[in-house]
Every structure is written in C-alpha cells, then in structure tokens.
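K.L.:
My questions all concern the structure below.
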Amino acid sequence: MKKVLVIYYSQSGQLLDIAKSITQDLERDNEIALDFYKIKLKKEFDFPWNRKDFFNVFPETFLQKTIALNDVDNPILQKKYDLIIFAYQVWYLTPSLPITSFLKSNIAKKVMNNTPIITVIGCRNMWIMAQEKVKKMLSNYGANLVGNIALVDKNINHISVITIVQWLFTGVKKRYLGIFPKPGVSNQDIKESKRFGKPILNALKKGDFSSLQSKLIEKKAVKIKPFLITVDSRANVLFKKWANLIIKKGAKNNSKRQFWIKIFNFYLIIAIWIISPIVFVVYLLTYPFLFKRIKKDVKYYSSVKIKKA
Ligand SMILES: Cc1cc2nc3c(=O)[nH]c(=O)nc-3n(C[C@H](O)[C@H](O)[C@H](O)COP(=O)(O)O)c2cc1C
C-alpha cells in the first residue's frame, strides 16, 4: 500500500477541485491510500476580499513572513508518506501567506523531509518566481521535488487581470458583465487535469520519480510564456523595494502604512496598464537576439531543478 498526502490551501475551492481531478486515478486504485489536508490559519482571511485587506497582505506575503497556523497537530501530519502533492496559489509573485507559513513550519519539515513532492499551482498566470521560492524552501529541508503542474487562466494577461479582480472581490466565479470570460482556471482545464494521474501513479508504483516531470511536460503540465519570465523577475526586484519601503514607513504608524499601500496600489495599476505593454514591445524587438537564452530559461523553469546559488 502506497500512502499519498495532498496538502492544499484554497479560499475559493479552486485548488481543491484541481487536486481532486489530478488524483482521481489514485483515489480509485486499491493499492493507494489517499489523504487530504487543508492548511488552516488561526485567523482566516476573508473571502471575498475587500480592497484594503487585499493590498495590505502584500508586504508580508512578498517578504515571506509567516502567520499563525491552526490544527498542525493533526494526526495526518505525523504519518510518513510515499508521496506528497502540494497544491498552492500565488499571491504577489510569491507563494501565498498561508503556504509560506506552512512551508516554514516545523511540521512541514517533518512531514516533507526526504519525501517526493509534486507541486500543483492554481493561479492567474504569474507563478514562475513563486515556484523558485518554493523550490528553495523545500530544498532547505531535503524534500525532493519530483514534479510540477501549473494551471493558469489562459486568457490574455490584461483580460485575466480584470476578471480575477472581479472574482476575488465578489467571491463569484462568473462572466463579468456577461461579456468577459470566466476568471481563473477554466472548468475544462480542471477536468482535463485528470490526465496527470496516470504518470504519477506509474512513478509511485515503481518507486521511481526520475522521469516524472518529463512525462508531465509531455502532457502539457506546464507552459512557460517567455515574456512572463521577464515580467515576473523584474517585478520581483521592484516588489522587494516596495515591500521593504511599506514595512519601514508603517513600522510605528498604521495610517502611514495605509498611505504607502495606497501608493503601491496606484503603482500597480500604472505597472500593469502602462509599463508592462511598453516592456512587451521592447521584449518583442529584442526577442531575436535573446532567443538562445529564452530557450534555456524555458527549459529550466519547466523543470524541477533548482538553480545553484
Ligand atoms: C492577494 C492575492 C494576490 C494574488 N497575486 C497573484 C499573482 O501574483 N500571480 C498570479 O498568478 N495569481 C495571483 N493571485 C491569484 C491566486 O493565485 C489564485 O488563483 C486565486 O486567489 C484563487 O485561489 P484560491 O484557490 O485560494 O481560491 C492572487 C490572489 C490574491 C488573493
């Protein structure tokens, strides 16, 4: 009997739907015992979000601070598993605050140490640098990342910005104004993610995960858009400055913090709607000269390898 644990966090339930679809074949197999564990917080975030809370989580999320967890003495987390499927979402180009808090906890170290891990991401579309941060945290305690599946909103970037904001601020995953596409990962993509179950099951039964990620890639488990690598890494540099600035300015005075968060909110709007289209044009012009490097980057970010510092 092989033991598999799915650890996940989700506000809307989207990540649970994805994890359930991916593990359908494992669930049906008599030789697999499948457990689910939802990360719980001492104080949960409201869903839907209000504007203030949504931007207020930025500095601590980005700087990978931790918040208090609940239920970490759950017996599930004391068992030793043959495989862990770790399903997470991205907040501000970083694993969400609940996810970082879990990954940095002693219980995560204990349950994940020396265990094969498959990460499953469900986000808007900017997950590449967040996954690098997860890789680093996992490698700190000898967890063995063997696979990654990233499900995103496949609509064009600016459409997905509009629709996700509607979703997160209303809590309803529906077509905004009746004309926009539905936000988030599409129902069809969630349903079709069942196809990843077979290669996972085969690797698990053989006890050999060495070629799992290439099998998952053949099944289109990750699709890297090279332009998003550029945006994600540049935005990370700027976000770091913003996060530190907000923490510093607001250290003793919450109204000062709120003021700087509002400025950050304004900056984000400019960055998304004005700066990013300009960067895109520059990117297109330089694309032919950077072709070799882009190819190398796409290969690396599709893999489960970790860059040496
Ligand atoms: C505060 C916040 C920040 C987010 N930032 C990003 C981001 O940087 N990149 C991205 O692709 N998605 C981002 N998202 C979308 C989430 O990754 C995720 O798709 C959405 O919140 C639904 O997740 P759920 O399963 O918790 O409901 C963000 C969501 C929230 C709430």
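The values are calculated or read from the model by the stated rules, or taken from the named source; none is laboratory data. Since this is a predicted model, take the numbers as computed values, not measurements. Every residue, glycine as well, gets a Cβ built from its backbone with ideal geometry; the counts of neighbours run over all protein chains shown. Accessible surface areas use protein heavy atoms only, side chains included; no ligands, DNA or RNA. Shrake-Rupley method; radii C 1.70, N 1.55, O 1.52, S 1.80 Å.
K.L.:
Starting from region 26-47, keep only residues that are free of Cβ contacts under 8 Å to residues at least 24 places away in the same chain, then list their pairs with residues that are not in a strand (DSSP E or B) whose Cβ atoms are within a distance under 7 Å, requiring at least 6 positions of separation or different chains.
P.N.:
46/53
K.L.:
Continuing with this model, one more query. Return yes when residue 186 is surrounded by fewer than 18 Cβ atoms within 10 Å (Cβ to Cβ), modelled with pLDDT of 95 or more, more than 22 Å from residue 48 (Cα to Cα) and of a type in the set (S, T, N, Q) and no when it is not.
P.N.:
Considered against the rule, which asks whether it is surrounded by fewer than 18 Cβ atoms within 10 Å (Cβ to Cβ), modelled with pLDDT of 95 or more, more than 22 Å from residue 48 (Cα to Cα) and of a type in the set (S, T, N, Q), residue 186 comes out as no.
K.L.:
Just to verify a result, which residue in region 53-83, among those that are in contact (Cβ under 8 Å) with a residue 40 or more places away in the chain and aliphatic (A, V, I, L, M), is nearest to residue 258 (Cα to Cα)?
P.N.:
Only one residue tops the list, namely 57.
K.L.:
The conditions are (1) assigned to a helix (DSSP H, G or I); (2) of a type in the set (Val, Ile, Thr); (3) open to solvent by less than 30 Å² (accessible area, probe 1.4 Å), and residue 76 fails exactly one of them. Which is it?
P.N.:
(3)
K.L.:
Which one of 177, 204, 228 is over 20 Å from the mean Cα position of the chain (by Cα) and either open to solvent by 10 Å² or more (accessible area, probe 1.4 Å) or within 14 Å of the ligand (Cβ to nearest atom) (or both)?
P.N.:
177
K.L.:
I would also like to ask the following. Residue by residue through region 133-156, note down the ones that are more than 16 Å from the ligand (Cβ to nearest atom) and assigned to a strand (DSSP E or B).
P.N.:
Matches in region 133-156: 144, 145, 146, 147.
K.L.:
Based on what the data block shows, is residue 119 more than 25 Å from residue 232 (Cβ to Cβ), of a type in the set (Ser, Thr, Tyr) and open to solvent by less than 30 Å² (accessible area, probe 1.4 Å)?
P.N.:
So residue 119 does not fit the description; no.
K.L.:
Additional query: Restricting attention to region 109-132, and to residues there that are more than 30 Å from residue 163 (Cα to Cα) and in contact (Cβ under 8 Å) with a residue 40 or more places away in the chain, which single residue is nearest to the ligand (Cβ to nearest atom)?
P.N.:
Filtering first and then ranking leaves 111.
K.L.:
Specify which of the listed residues (172, 146, 165) is loosely packed, with under 14 Cβ neighbours inside 10 Å, of a type in the set (A, V, I, L, M, F, W, C) and outside the structural domain of residue 280 (by TED's automatic domain parsing).
P.N.:
172
K.L.:
Let me ask you something else. Note down all Cβ pairs under 7 Å where the first residue falls in region 186-204 and is within 22 Å of residue 154 (Cα to Cα) and in contact (Cβ under 8 Å) with a residue 24 or more places away in the chain, the second is surrounded by 14 or more Cβ atoms within 10 Å (Cβ to Cβ) and among the small types (Gly, Ala, Ser), and they're at least six residues apart or on different chains.
P.N.:
Close Cβ pairs (under 7 Å, with a partner that is surrounded by 14 or more Cβ atoms within 10 Å (Cβ to Cβ) and among the small types (Gly, Ala, Ser)) amount to 190/21; 191/21; 193/21; 194/21; 196/221.
K.L.:
Are there any pairs, at least 6 apart or on different chains, whose C-beta atoms fall under 8 Å, with the first in region 89-105 and within 13 Å of the ligand (Cβ to nearest atom) and the second among the hydrophobic types (A, V, I, L, M, F, W, C) and assigned to a strand (DSSP E or B), and if so, which?
P.N.:
Once the first residue is within 13 Å of the ligand (Cβ to nearest atom) and sits in region 89-105, its partners that are among the hydrophobic types (A, V, I, L, M, F, W, C) and assigned to a strand (DSSP E or B) give 89/121; 90/121; 96/90; 97/91; 98/41; 98/69.
K.L.:
I'd like the full set of residues that are over 28 Å from residue 45 (Cα atoms) and surrounded by fewer than 20 Cβ atoms within 10 Å (Cβ to Cβ), limited to region 2-31.
P.N.:
2, 3, 24, 25, 27, 28, 29, 30, 31
Per-residue answers, yes or no, for (1) more than 30 Å from residue 191 (Cβ to Cβ); (2) free of Cβ contacts under 8 Å to residues at least 60 places away in the same chain:
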| position | (1), (2) |
| --- | --- |
| 219 | no, yes |
| 228 | no, no |
| 255 | yes, yes |
| 266 | yes, yes |
| 284 | yes, yes |
| 290 | yes, yes |
| 295 | yes, yes |
| 304 | no, no |
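K.L.:
Another question, then. Would you tally the residues in region 122-143 being crowded, with 19+ Cβ neighbours inside 10 Å and among the aromatic types (Phe, Trp, Tyr)?
P.N.:
1
K.L.:
List pairs: first in region 1-24 and within 12 Å of the ligand (Cβ to nearest atom), second of a type in the set (D, E, K, R), Cβ under 8 Å, 6+ apart or cross-chain?
P.N.:
Correct list of pairs: 8/38; 9/38; 10/38; 12/173; 14/173; 16/38.
K.L.:
Sticking with this one: Only one residue in 245, 238, 216 is closer than 24 Å to residue 93 by Cβ, in the same structural domain as residue 158 (by TED's automatic domain parsing) and either open to solvent by less than 30 Å² (accessible area, probe 1.4 Å) or in a helix (DSSP H, G or I) (or both). Which one?
P.N.:
When all the criteria are applied, what remains is 216.
K.L.:
Got a sec? Which of 58, 86 is open to solvent by less than 50 Å² (accessible area, probe 1.4 Å) and near the ligand (Cβ under 8 Å from one of its atoms)?
P.N.:
58
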